[in-house]
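Encoded as structure tokens, the structure appears first; notes follow it.
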Amino acid sequence: MEGRGGNKRNEELLSTGRTQSREVVSQAQGRIREAVTRNRGEKLTALLHHISVDCLRWSYFELKKTAATGVDGVTWKDYREGLEENLADLHRRIHTGAYRAQPSRRKYIPKANGQQRPLGIAALEDKIVQRAVVAILTPIYEAEFLGFSYGFRPGRSQHDALDALAYGIKVKKIG
């Protein structure tokens, strides 16, 4: 989508908002969605510039405040104490290639049959980065899905798929 003509073409895709609202990320998602739709045959060549401090801040505030901690032991509250400095440092590490995800903390959850199910708990910064990447990739993949695709899509569930199937069967019987 984005040509190789330098950064000038990408400037329009950056959000300029400085609030903690979803609006900053929504605007970036809208511009990505438009670019994907407008230039269907082209490949995306760069997406990293969309992960801004604003996007990371939004991701942080979208996290569950009481979620379990990863191997680093950092809680949502702990990270907030130096939030702007922490986010600026995380942004710098992401864009310089110095960011490395930490190993997941392994926890076992008992199952009804007596066995245990392994669960991996990511470190807080990893959760922030994961949420930001999902926000950037969602409009790209959403543009590729067909209308009858339901699996693992925001705002769609297995119940929606069953409703669509029931409606299709009903229309077929009538017609």
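Values as computed for the structure displayed
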{"read-out": "Long pairs among K64/K111; K77/K107; K111/K172, criterion Cα-Cα beyond 32 Å", "value": "K111/K172"}
{"read-out": "Size of electric dipole in the range 75-153: Cβ of Lys, Arg +1 and of Asp, Glu -1, about Cα centre, debye, nearest 20", "value": "520 debye"}
{"read-out": "Quotient of Cα Rg and 2.2 N^0.38 Å for the range 73-175, N being how many residues it contains", "value": "1.62"}
{"read-out": "Neighbour-limited loop hits for trypsin sites (Lys or Arg not before Pro), the range 43-152 (at most 15 other Cβ within 10 Å; DSSP other than H, G, I, E, B)", "value": "K43, K64, K65, R100, K111"}
{"read-out": "Neighbourhood charge, 9 Å Cβ-Cβ cut-off, centred on T69 and excluding it, Lys, Arg +1 and Asp, Glu -1", "value": "-1"}
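None of the figures in this text is laboratory data; all of them are computed from the coordinates on show. Model, not experiment: these values are computed from the prediction. Cβ atoms come from the backbone with ideal geometry, glycine included; neighbour counts cover every protein chain shown.
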